[in-house]
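Take a look at the structure set out below.
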Amino acid sequence: MAEHSPKKVVLITGASAGIGKAIVTKMLQEGWTVYGAARRLNQMEDLKQAGAKTLFIDVTDEASMAKAVDAILEAEGRLDALVNNAGYGSYGALEDVPVDEARRQFEVNVFGLMRLTQLVLPTMRAARSGTIINISSMGGRIWMPIGGWYHATKHALEVLSDALRMEVEPFGVNVVVVQPGAIESEWSGISADNLEASSKNSVYRFFTEPMARILRGYTSAAKPSVIADAVATALRVKKPRRRYRAPFDAKLYVRLHWLFPDSVWEMILKSRIRSTDKQVKTGKQEVHG
Ligand SMILES: NC(=O)c1ccc[n+]([C@@H]2O[C@H](COP(=O)([O-])OP(=O)(O)OC[C@H]3O[C@@H](n4cnc5c(N)ncnc54)[C@H](OP(=O)(O)O)[C@@H]3O)[C@@H](O)[C@H]2O)c1
């Protein structure tokens with residue numbers, strides 16, 4: 001193993017787009033040695049130019065994760081933080097989404113993430129320091145129809161993060177959950193593609209069509225830098241908060257869900273879906289959750 005690098009080292013998954021790319025850029029500005037990982041290496045050329053190191057990781061392929069972690073430890077002799085950001089939205093009515101697709105959704109958003117976490121923990125425990133940051137979603141606290149499997153993965157991630165936090169705290173390792181609201185990225189287009197693929201002959205068109213339009217019209221979401229700022233804040237302090245939520249819509253929806261009984265929450269959702277769809281159709285969209 002190499003001599004310890006003088007700079008702190010972070011591995012960020014899902015670095016080829018959206019939030020991950022913004023986190024890589026931010027952590028370079030913070031003076032860290034930054035490893036960005038994803039399947040599309042060519043989409044990370046700009047990050048390489050900016051000073052990041054890039055690696056191939058498919059979070060459904062254990063060998064690629066083990067190889068990446070070994071390469072970092074070999075080159076740097078340390079790994080101070082892991083940002084588990086890779087993920088996607090599998091949308092569609094629960095009756096329509098093939099169970100194999102639901103399994104893939106869990107494989108990427110939950111099992112792959114947890115396997116990578118297992119691979120870095122021995123190094124962090126031995127150093128008696130380190131931070132795991134899991135990019136969840138406001139969708140890890142709230143839920144919507146047509147996003148059932150996606151929300152299920154993010155709810156699972158919330159619970160796993162809480163259990164893990166208590167397990168690794170005695171070893172000096174922090175676990176932080178970040179809950180983004182609506183953010184500009186490739187996420188909504190990919191979610192809309194998945195929704196349309198599973199809804200071709202759907203009897204749930206009264207929900208799937210407005211949801212597809214809303215996902216396609218996801219134009220007034222916040223910049224990914226708001227999430228990168230939250231991650232940087234968590235990595236700057238010795239004792240980070242358990243959860244960071246941004247931008248304002250994430251704080252608002254999570255609070256509303258907490259305040260109201262399920263019956264009222266369902267009414268709020270129905271009215272938000274109707275009004276956001278109307279805004280998308282007329283080109284006057286507000287941020288949607
Ligand atoms: N955008 C939002 O509104 C929003 C809101 C709440 C939470 N989030 C969460 O934020 C995280 C980042 O999403 P984003 O908005 O930045 O979406 P994005 O622009 O679609 O980026 C997703 C990233 O995940 C990577 N990825 C997907 N499948 C992968 C796999 N099997 N193995 C390795 N990497 C994989 C993609 O890279 P490759 O395709 O190159 O592998 C890409 O870099 C996700 O966990 C998402 O659920 C997003």
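Observations on the model:
- Of all residues in segment 195-221, those being surrounded by fewer than 18 Cβ atoms within 10 Å (Cβ to Cβ) and touching a strand residue (DSSP E or B) at 6+ places or on another chain (Cβ under 9 Å) number 0.
- Among the residues of segment 74-109, those that are more than 19 Å from Lys8 (Cβ to Cβ) and assigned to a helix (DSSP H, G or I) comprise Val99, Asp100, Glu101, Ala102, Arg103, Arg104, Gln105, Phe106, Glu107, Val108, Asn109.
- Thr117 being among the polar types (S, T, N, Q), in contact (Cβ under 8 Å) with a residue 24 or more places away in the chain and more than 15 Å from the ligand (Cβ to nearest atom): no
- Near pairs, Cβ below 7 angstrom, 6+ apart or cross-chain, from segment 74-93 (closer than 19 Å to Pro224 by Cα) to any residue that is assigned to a loop (DSSP other than H, G, I, E, B) and more than 10 Å from the ligand (Cβ to nearest atom): Gly89/Gly147
- Cβ-Cβ contacts under 7 Å between residues 6 or more apart (or on different chains), taken from a first residue in segment 144-155 that is free of Cβ contacts under 8 Å to residues at least 24 places away in the same chain to a second residue that is surrounded by 22 or more Cβ atoms within 10 Å (Cβ to Cβ), are listed as His151/Gly139; His155/Gly140.
- Among the criteria (1) surrounded by fewer than 18 Cβ atoms within 10 Å (Cβ to Cβ); (2) of a type in the set (Ser, Thr, Tyr); (3) in contact (Cβ under 8 Å) with a residue 60 or more places away in the chain, the one Ser271 does not fulfil is (3).
- Met138 falls short of the stated requirement of being within 16 Å of the ligand (Cβ to nearest atom), at pLDDT 95 or above and surrounded by fewer than 20 Cβ atoms within 10 Å (Cβ to Cβ).
- Test: residue in segment 63-73 that is touching a helix residue (DSSP H, G or I) at 6+ places or on another chain (Cβ under 8 Å), in contact (Cβ under 8 Å) with a residue 40 or more places away in the chain and part of a loop (DSSP other than H, G, I, E, B): no
- Under the condition of being assigned to a helix (DSSP H, G or I) and within 16 Å of the ligand (Cβ to nearest atom), the residues counted in segment 170-195 number 9.
- Residue among Asp80, Asp96, Asp61, Asp70 that alone is among the acidic types (Asp, Glu) and under 25 Å from Ile146 (Cβ atoms): Asp96
- Within the set Arg213, Arg128, the sole residue that is more than 9 Å from the ligand (Cβ to nearest atom), modelled with pLDDT under 95 and not polar (S, T, N, Q) turns out to be Arg213.
- The residue of segment 5-28 that is nearest to Ile227 (Cα to Cα), among those that are more than 13 Å from the ligand (Cβ to nearest atom) and in contact (Cβ under 8 Å) with a residue 60 or more places away in the chain, is Lys26.
- Total residues in segment 166-206, condition within 16 Å of Ile146 (Cβ to Cβ) and acidic (Asp, Glu): 2
- Failed item, numbered, when Leu164 is tested on (1) without any contact (Cβ under 8 Å) to a residue 24 or more places away in the chain; (2) more than 11 Å from the ligand (Cβ to nearest atom): (1)
The values are calculated or read from the model by the stated rules, or taken from the named source; none is laboratory data. If you're wondering where the values come from, they're calculated on a predicted model, not measured in any experiment. Cβ: placed from backbone, ideal geometry, glycine included. Neighbour counts: every protein chain shown.
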